[in-house]
Amino acid sequence: MKEDLLKKLSDSVVNMDEDEAVKYSKQAVEEELDSYTAIDKGLANGMERAGKLFDEEEYFVPELIICSDAMNAGISVLKPHLKQENVRKKLKGVIGVIEGDTHDIGKNLVKIMLESSGFEIIDLGRDVPPGDFVNKAVETEAKFILLSSLMTTTMDNMAEVVRILQKTGVRQQFKVVVGGGPISQAFADRIGADGYAKNANEAVRLCKDLAGVEA
């Protein structure tokens with residue numbers, strides 16, 4: 001019965017059905033199913049499946065956004081019933097498109113998927129100067145700095161973020177993750193970033209790995 005309900009929660013997200021997500025989340029509460037399990041193995045699992053459908057080009061940005069809405073509707077029902085030991089402090093990240101570039105679809109997807117996985121993400125938007133990433137990360141005590149670009153002409157601005165972190169003596173406080181069309185693992189290694197992700201699902205796995213969180 002438990003597995004059946006978890007599948008219904010997961011399916012409600014994949015099917016972009018907010019009403020079903022709420023309905024089965026309420027059922028989980030009534031049947032005293034652990035709320036953390038319902039979120040993790042039900043709703044979040046559905047979002048992970050939706051992300052895979054996006055990778056396979058069966059879903060696109062609008063579908064992912066609606067899936068996210070369904071998941072969050074279910075979470076709002078379950079959240080008040082979480083046991084205190086399951087309420088952990090969210091890992092915080094600063095994300096944005098580096099200065100000189102305004103292409104933000106990939107960045108937006110990474111934000112959606114990270115938030116769906118329990119991260120708190122501060123979105124700086126597009127065309128963001130390198131120093132702004134550092135200032136906001138320090139100000140908010142973030143753990144991650146996530147940089148996106150689709151233009152080769154702006155790649156050195158990503159490197160500048162790492163240089164500023166080093167110059168100001170705070171490099172060790174942050175995990176720097178880079179991504180975007182022209183970006184590669186070799187480039188990430190060259191500029192001293194902590195990791196490279198080629199898509200949103202990989203970004204989630206990478207950030208969890210860097211933070212030592214079980215995927």
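Using a/c under 1.5 as the rounded threshold, could you call region 92-211 rounded, prolate or oblate? The axes a ≥ b ≥ c are square roots of the C-alpha gyration tensor eigenvalues, and prolate needs a/b larger than b/c, oblate otherwise. Before the final figure, lay out each step's value.
Working: a/c = 1.26, a/b = 1.05, b/c = 1.20.
Rounded.
Is the shape of region 135-195 best called rounded, prolate or oblate, per the rule: a/c under 1.5 gives rounded, else a/b larger than b/c gives prolate, else oblate, with a ≥ b ≥ c the square roots of the Cα gyration tensor eigenvalues?
Details: a/c = 1.88, a/b = 1.75, b/c = 1.08.
Note, shape of region 135-195 comes out prolate.
Quick query: amide H of residue 101 versus all other amide H atoms, modeled in the peptide plane; which residues come in under 5 Å with a sequence gap of 5 or more or a different chain?
Here 127, 128 satisfy the definition.
Where a Cα-Cα gap under 14 Å defines reach, which aspartates and glutamates qualify for residue 41, not counting those fewer than 8 residues away within the same chain?
3, 4, 11, 214
If the chain between residue 49 and residue 141 were fully stretched, how many nm would it gain, using 0.36 nm times the residue separation less the Cα-Cα distance? Don't skip to the end; give the middle numbers.
Values: separation 92, 0.36 × 92 = 33.12 nm, distance 3.10 nm.
Result for the pair: 30.0 nm of gain on full extension.
How do 23, 52 rank when sorted from fewest to most other Cβ atoms within 10 Å of their own Cβ? Before the final figure, lay out each step's value.
Details: 23 16, 52 12.
Ascending number of Cβ neighbours within 10 Å: 52, 23.
Taking a point 7 angstrom from the Cα of residue 63 along the C-beta vector, which residues in region 1-39 have backbone N less than 15 Å away?
Residues 11-17 fall inside that zone.
Between rounded, prolate and oblate, where does region 46-162 land on the alpha carbon gyration tensor, with a ≥ b ≥ c its root eigenvalues, rounded for a/c under 1.5, else prolate if a/b exceeds b/c? Before the final figure, lay out each step's value.
Working: a/c = 3.00, a/b = 1.38, b/c = 2.17.
Oblate, because a/c is 1.5 or more while a/b does not exceed b/c.
In nm, what is the difference between 0.36 nm times the number of residues separating residue 32 and residue 167 and their Cα-Cα distance? Walk me through the intermediate numbers first.
Values: separation 135, 0.36 × 135 = 48.60 nm, distance 5.25 nm.
Here the answer is 43.3 nm.
Can you give me the Rg/Rh ratio for the chain, using Cα atoms for both radii and the Kirkwood formula for Rh?
Working: Rg = 18.1 Å, Rh = 17.9 Å.
Here the Rg-to-Rh quotient is 1.01.
What's the longest bit of the chain with no exposed GluC sites (Glu not before Pro), using DSSP loop states and at most 14 other Cβ atoms within 10 Å as the test? Please report the intermediate quantities before stating the final value.
On the way: sites that count: 31, 32, 56, 57, 58, 141, 214.
Counting only loop sites that pass the neighbour cut-off, the longest clear stretch is 59-140.
Can you sort 71, 151 so the residue with the fewest Cβ neighbours within 10 Å comes first? Please list the in-between numbers first.
Values: 71 30, 151 16.
The order, fewest Cβ neighbours first, is 151, 71.
Roughly speaking, what is the centre-to-centre gap between region 19-56 and region 113-129 when only Cα atoms are used, to the nearest Å?
Between the Cα centre of region 19-56 and that of region 113-129, the gap is 22 Å.
For the cross-link pairs 52/198; 7/92; 90/136; 92/167; 90/167, which exceed 25 Å when the distance is taken from alpha carbon to alpha carbon? Before the final figure, lay out the partial values.
On the way: 52/198 13 Å; 7/92 29 Å; 90/136 17 Å; 92/167 23 Å; 90/167 28 Å.
Result: 7/92; 90/167 exceed 25 Å.
As a footprinting exposure proxy, order 2, 111, 175 by other Cβ within 10 Å, with the fewest listed first. Show your work: numbers first, answer last.
Numbers: 2 14, 111 23, 175 20.
Ordered by Cβ neighbours within 10 Å, fewest first: 2, 175, 111.
Any read-out appearing in this document is the output of simple, stated calculations on the displayed coordinates, not a laboratory observation. Source: prediction; values computed, not measured. No Cβ is skipped: glycine too gets one built from the backbone with ideal geometry, and neighbour counts run over all protein chains shown.
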